[in-house]
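Take a look at the structure below.
Values quoted throughout were computed directly from the atomic coordinates according to the rules given, and no laboratory measurement underlies them. Just so it is clear, the model here is predicted, and its values are computed rather than measured. Cβ coordinates were reconstructed from backbone atoms using ideal geometry, including for glycine residues, and neighbour counts include every protein chain displayed.
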Amino acid sequence: MPLTPLIINVELSLTVVPTLNKSGNPEFEHSIAVKASNPGIHPITLEQVGICLPNKCSIVIIGNPPSVRLPYTLPEGKNCSSYISLKEFISATQKLNLRQDIEIYGYYRNDLGMTYISPAIKFDIIKWKNAPLGE
């Protein structure tokens, strides 16, 4: 019987997510979402998520709510998402001296070391740095 390949579809998008502020009150924050969906017939254990940058660096996303906590077993036919705030992402890119339009893509890595990558999107660091991001 042939083996069924492990498949994960990964998407990267800009979104607004609900978070809790320091006072514990709900607020909304502009974020980058990395979404994984499992169209296969087997669950897959995800161990790392992040965003790849053009300088061969990546930003690993730590699972703060509402992100999924890793490691996470993604059941067949289901999806999950991880988020990084735009403020945090822009700060990280500036520390790496990235200050213009860049191409980024999201990724998830499973427990077998396989990496699943999203299609790339253009991200304008200057535009988003100067945008009001919901203080």
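For the reader, a short list of remarks on this structure follows.
- Restricting the stretch 46-60 to residues that are in contact (Cβ under 8 Å) with a residue 12 or more places away in the chain and not hydrophobic (A, V, I, L, M, F, W, C) leaves a set whose member that is farthest from residue 82 (Cα to Cα) is 55.
- The stretch 94-127, residues that are touching a residue at least 60 places away in the same chain (Cβ under 8 Å), of a type in the set (A, V, I, L, M, F, W, C) and more than 16 Å from residue 51 (Cα to Cα): 112
- Residue in the stretch 66-89 that is crowded, with 18+ Cβ neighbours inside 10 Å, free of Cβ contacts under 8 Å to residues at least 60 places away in the same chain and closer than 16 Å to residue 122 by Cα present: yes
- Any hit, the stretch 120-127, residues being under 20 Å from residue 35 (Cα atoms), assigned to a strand (DSSP E or B) and either within 12 Å of the chain's Cα centre (by Cα) or not aromatic (Phe, Trp, Tyr) (or both): yes
- Residue selected from the stretch 43-95 under the condition of a type outside the set (A, V, I, L, M, F, W, C) and in contact with a helix residue (DSSP H, G or I) (Cβ under 8 Å, 6 or more places away or on another chain), by the criterion nearest to residue 31 (Cα to Cα): 93
- When residue 68 is tested against (1) over 12 Å from the mean Cα position of the chain (by Cα); (2) assigned to a loop (DSSP other than H, G, I, E, B); (3) closer than 20 Å to residue 112 by Cβ, only condition (1) is not met.
- Qualifying residues in the stretch 19-65 (those that are among the hydroxyl-bearing types (Ser, Thr, Tyr) and over 13 Å from the mean Cα position of the chain (by Cα)) - the one surrounded by the fewest Cβ atoms within 10 Å (Cβ to Cβ): 23
- Taken as a whole, the condition of being surrounded by fewer than 19 Cβ atoms within 10 Å (Cβ to Cβ) and touching a Lys or Arg at 6+ places or on another chain (Cβ under 7 Å) applies to residue 101.
- Residue within the stretch 95-115 that is under 19 Å from residue 13 (Cα atoms) and in contact with an Asp or Glu (Cβ under 6 Å, 6 or more places away or on another chain) present: yes
- Only residues that are assigned to a strand (DSSP E or B) and without any contact (Cβ under 8 Å) to a residue 12 or more places away in the chain were counted in the stretch 8-45, giving 1.
- Matching residues in the stretch 101-127 - criterion: being out of contact with any strand residue (DSSP E or B) (no Cβ under 8 Å at 6 or more places or on another chain) and not aliphatic (A, V, I, L, M): 113, 127
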